[in-house]
Amino acid sequence: MVHVRRLEVNDVGAVVALVNQQLAHASALEPAINHVVDNELFDEALRAQRAHVWVAIRHGVLVGHLYGAVLANARGTSAWVGPDGVSFDAPDALDALYARAGQAWIDAGALEHWVWTPDRVDAFLPWSELGFAKEHRRGVRALTDLAPAPLPPGLELRPGHDHEWAVAEVLDAHLDAAQREGPNFFLSPALPSESITATLDDPDVDWHVLARGGEVLAQCVSYPLDPRRGSFDDVVHLSGVVVRDDVRRRGLGRILVEQVLAAHAARGARYAEVHWRVTNRDAERFWRRAGFVPTFTRLRRVIDA
């Protein structure tokens, strides 16, 4: 039998040890996952959130934990479980943990539950039997082996200009339309806060365009990531990579990404991360060919109200 209760101060060390073991195992199977944990910071975080952390006890031994951050945005309230937010030694421990934590999230108004797990079948199956489905993958690439080819004649990589925001919106709409195609079928309309021009208001965001003769052909945005357990330090995130429809299938997306990564490597970035929907087959092929290795899968469950 598994007993589930709230985290107590005396449990913190055991949870830290479980997360260390879990990440070490994940890193042994996929080195693109960082197993190094700042135990002092993690200890502090657990203590600060202990009222929202559940632990599983079997025969007097702590065998798992579960914490989901309940966050609200314009799309509603959701619970988010990071790579360090869950551990369990067997499916029955996860079942018991999710039964209690999931109910607490629902009581807080969160009917959408998200979980990051290592991108492995054995990591996914216990969650799939609880009604979760794969939604996104996280891909990682080290920037130590970059050797981008020189830009073809006539092409230039540069920052986008303010007067080109209308072009950015058009390309963003192209990306949104592509996401609506099958088998992706992502039909939810983009929120104003998710538009590329809203993103560009952030001073930490870089807007890169690939242009020819002053005409924008492709674009992407990038920004530095804060340290996270499971990820390395000095990481840059790429998103919004889109090529104009009339010049697609000519390798421009690959050229853009290689040049942007080289620029970030020169500024001190050591790794790059991207996310893509698992149903977006074109994105899956593109990022894998660009050298990105899947590390984590983000799972989603929506509770029927």
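The values are calculated or read from the model by the stated rules, or taken from the named source; none is laboratory data. Keep in mind it's a predicted model, so treat the numbers as computed, not measured. Here Cβ is always computed from backbone atoms with ideal geometry, including for glycine, and neighbour counts include all displayed protein chains.
Some notes on this structure:
- Restricting the stretch 52-97 to residues that are under 20 Å from residue 297 (Cβ atoms) and of a type in the set (Ser, Thr, Tyr), the residue that is surrounded by the fewest Cβ atoms within 10 Å (Cβ to Cβ): 78
- Selection count, the stretch 146-171, where residues are touching a residue at least 60 places away in the same chain (Cβ under 8 Å) and not in a helix (DSSP H, G or I): 7
- Scanning the stretch 191-203 for residues that are of a type in the set (Asp, Glu) and over 18 Å from the mean Cα position of the chain (by Cα) returns 201, 202.
- Hey, residue 97 more than 24 Å from residue 136 (Cα to Cα) and among the hydrophobic types (A, V, I, L, M, F, W, C) or not: no
- Counting only residues that are in a helix (DSSP H, G or I), at pLDDT 95 or above and under 22 Å from residue 151 (Cβ atoms), the stretch 266-289 holds 3 of them.
- Residues of the stretch 19-32 that are closer than 28 Å to residue 99 by Cβ and either touching a Gly at 6+ places or on another chain (Cβ under 7 Å) or of a type in the set (D, E, K, R) (or both): 23 alone.
- Selected residue (only one of 193, 231, 222 is polar (S, T, N, Q) and either surrounded by fewer than 17 Cβ atoms within 10 Å (Cβ to Cβ) or free of Cβ contacts under 8 Å to residues at least 40 places away in the same chain (or both)): 193
- Among the strands (runs of 3 or more DSSP E) confined to the stretch 172-246, the ones with at least 2 residues that are at pLDDT 90 or above and over 26 Å from residue 142 (Cβ atoms) are located at 206-212, 215-225.
- Only one of 163, 174, 136 that is surrounded by fewer than 13 Cβ atoms within 10 Å (Cβ to Cβ) and not basic (Lys, Arg): 163
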